[in-house]
1. Determine whether Thr144 is β-branched (Val, Ile, Thr) and farther than 22 Å from Ile118 by Cα.
2. Name the helices (runs of 4 or more DSSP H) wholly within segment 143-204 that hold at least 3 residues that are open to solvent by 40 Å² or more (accessible area, probe 1.4 Å)?
3. Across segment 205-223, what is the total count of residues that are in a helix (DSSP H, G or I) and modelled with pLDDT under 85?
4. Go over the candidates Ala29, Ala67, Ala51, Ala83 one by one and state the one that is of a type outside the set (Ser, Thr, Tyr), in a helix (DSSP H, G or I), modelled with pLDDT of 60 or more and surrounded by 17 or more Cβ atoms within 10 Å (Cβ to Cβ).
5. So, of the residues in segment 115-138 that are open to solvent by less than 40 Å² (accessible area, probe 1.4 Å) and in contact (Cβ under 8 Å) with a residue 40 or more places away in the chain, which turns out to be nearest to Leu104 (Cα to Cα)?
6. Yes or no: segment 110-121 includes at least one residue that is closer than 17 Å to Gly12 by Cα and in a helix (DSSP H, G or I).
7. Quick one: Gly108 ticks every box in (1) of a type outside the set (Asp, Glu); (2) open to solvent by less than 20 Å² (accessible area, probe 1.4 Å); (3) at pLDDT below 85 except a single one, so which number is it?
8. Pull out all pairs, ordered by first then second residue, where Cβ-Cβ is under 7 Å, the residues are six or more apart or on different chains, the first lies in segment 97-114 and is free of Cβ contacts under 8 Å to residues at least 40 places away in the same chain and polar (S, T, N, Q), and the second is open to solvent by 40 Å² or more (accessible area, probe 1.4 Å) and not in a loop (DSSP other than H, G, I, E, B).
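The values are calculated or read from the model by the stated rules, or taken from the named source; none is laboratory data. For clarity, every value in this text was computed on a predicted model and none was experimentally measured. Every residue, glycine among them, receives a Cβ derived from its backbone with ideal geometry; neighbour counts consider all protein chains shown. Surface areas here come from the heavy atoms of the whole protein model, side chains and all, with no ligands, DNA or RNA. Shrake-Rupley method; radii C 1.70, N 1.55, O 1.52, S 1.80 Å.
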Amino acid sequence: MSLSLFPVFVVGLLGSVHCGAMCGGIVGALSLTPPRTRAGVAVIALRPAVADRASLHVAAYNAGRIASYMTAGAVAGGVAQGAGTLSALPQLQAGAYWLANAMLVALGLHLMNAWSGIAHIERAGQLVWRRLRPQLARIGPPDTPGRMFAAGALWGWLPCAMVYSVLVTAMLSGSVVSGALTMLAFGLGTLPMMLALGLLGARLRGWLRLAAVRIGCGLLVLGFGVTGLLRAAGGLPPSWLHLLCLAP
């Protein structure tokens with residue numbers, strides 16, 4: 001099933017307001033890790049400027065994070081691809097289409113602080129996170145791009161309702177490659193905000209907590225979901241609407 005990746009990218013861009021609360025402090029703290037020391041003395045010779053080091057670390061962290069999203073998307077798309085021989089596949093795809101857009105409606109309400117029911121999905125994801133989180137200690141101090149990439153790859157599995165809502169779309173795509181590309185589009189949508197959070201830290205997080213910002217972004221995500229549901233119900237014609245909603 002072919003999907004337009006543009007709405008997925010925009011959902012990531014708008015929904016990254018949620019990332020500010022979930023991951024902004026994490027990436028900000030990791031990017032400001034002090035230089036390694038040798039015999040108690042900071043190793044500063046031949047090291048880049050602090051700003052350059054922070055930028056490189058933030059980029060590596062986000063590369064790892066997006067890589068984990070793509071892995072999850074590939075698995076979700078592979079599940080649907082594996083079910084391709086089932087006679088009930090069209091009905092399963094239709095159900096996934098409705099679910100994907102309903103999740104966007106729930107996410108929009110969550111961003112607006114109008115309904116927090118979607119948080120129950122995040123609590124369910126704690127089952128996986130409890131097994132992965134201890135691995136962070138094995139990475140060591142995140143003071144190199146490689147370690148930052150590894151940290152991002154683990155933190156990418158942090159329970160997040162926004163990620164789960166897009167994973168339903170990745171499953172709807174129907175193949176391993178399409179599922180990975182769907183999550184890549186989503187990850188790239190979150191990238192501007194996450195890069196800014198890593199470099200600006202608390203100043204930007206304060207702005208993201210403003211009610212007007214959250215309500216505005218939530219309304220747009222909600223609009224994507226409602227448009228998709230109306231189209232699924234046959235209340236809206238096809239054509240260019242595939243650019244504005246999750247549609248097969």
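1. Values: β-branched (Val, Ile, Thr): yes; farther than 22 Å from Ile118 by Cα: yes.
Criteria met by Thr144.
2. Helices (runs of 4 or more DSSP H) meeting the threshold: 145-155, 176-200.
3. Quick first cut of segment 205-223, residues in a helix (DSSP H, G or I) only: 205-208, 211-223.
Checking the rest, the ones that are also modelled with pLDDT under 85 come to 205-208.
Number of matching residues: 4.
4. Values: Ala29 fails: surrounded by 17 or more Cβ atoms within 10 Å (Cβ to Cβ); Ala51 fails: surrounded by 17 or more Cβ atoms within 10 Å (Cβ to Cβ); Ala83 fails: surrounded by 17 or more Cβ atoms within 10 Å (Cβ to Cβ).
Testing whether each residue is of a type outside the set (Ser, Thr, Tyr), in a helix (DSSP H, G or I), modelled with pLDDT of 60 or more and surrounded by 17 or more Cβ atoms within 10 Å (Cβ to Cβ) leaves just Ala67.
5. Of everything passing the filter in segment 115-138, Ile118 is nearest to Leu104 (Cα to Cα).
6. Filtering segment 110-121 down to residues closer than 17 Å to Gly12 by Cα leaves 110-112, 118.
Pick out the ones that are also in a helix (DSSP H, G or I) and you get 110-111.
Looking through segment 110-121, at least one residue is closer than 17 Å to Gly12 by Cα and in a helix (DSSP H, G or I).
7. Exception for Gly108: condition (3).
8. none
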